[in-house]
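Structure, as structure tokens:
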Amino acid sequence: QKSYECSECGKSFSCGSHFSKHRRTHTGEKPFRCFHCGKSFNVSSNLYRHQRGHGGAETAPEKPRGAPFRCQECGKSFRRDKELATHRRLHTGDLPFRCGDCGKSFSWSSHWLRH
């Protein structure tokens with residue numbers, strides 16, 4: 001049973017983590033940053049593969065300074081707990097914004113308003 005559906009393209013996923021990785025193709029989010037050169041990646045496996053080119057170091061995604069709220073799913077950190085809560089929608093598939101005309105739901109108010 002596929003319980004996560006992308007509001008952008010309609011693709012469905014049964015696993016929340018696969019859905020969150022897919023969402024990054026639409027949002028452009030790249031939460032995994034190489035501490036050697038600063039290049040960012042949308043999935044951790046791409047970061048780790050990239051870091052092998054820097055001498056084999058496989059480290060956790062860099063945590064930005066002054067950002068104490070860390071996502072347990074992907075490692076991205078935020079300055080405010082509200083920002084983390086909003087970010088978590090990428091992982092949970094939460095769609096709190098619903099169109100009253102057609103019933104389509106969205107993760108982000110900006111996508112709902114654009115619709």
Looking at the structure I just gave you, is Asp81 acidic (Asp, Glu), loosely packed, with under 15 Cβ neighbours inside 10 Å and at pLDDT 85 or above? no
In the range 7-39, the residues that are out of contact with any strand residue (DSSP E or B) (no Cβ under 6 Å at 6 or more places or on another chain), closer than 17 Å to Ser110 by Cβ and among the small types (Gly, Ala, Ser): Gly28
Over the range 3-37, the set of residues over 15 Å from Lys76 (Cα atoms) and in a strand (DSSP E or B) is Tyr4, Glu5, Ser12, Phe13
Inside the range 93-108, can you point out the residues that are modelled with pLDDT of 85 or more and of a type in the set (S, T, N, Q)? Ser105
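Identify, from the list Glu5, Glu62, the residue that is at pLDDT below 80 and out of contact with any helix residue (DSSP H, G or I) (no Cβ under 8 Å at 6 or more places or on another chain). First the steps, then the outcome.
Details: Glu5 fails: at pLDDT below 80.
Exactly one residue qualifies, and that residue is Glu62.
The values are calculated or read from the model by the stated rules, or taken from the named source; none is laboratory data. Just so you know, these numbers come straight off a predicted model, no measurement behind them. Virtual Cβ from ideal backbone geometry, glycine too; neighbours counted across all protein chains shown.
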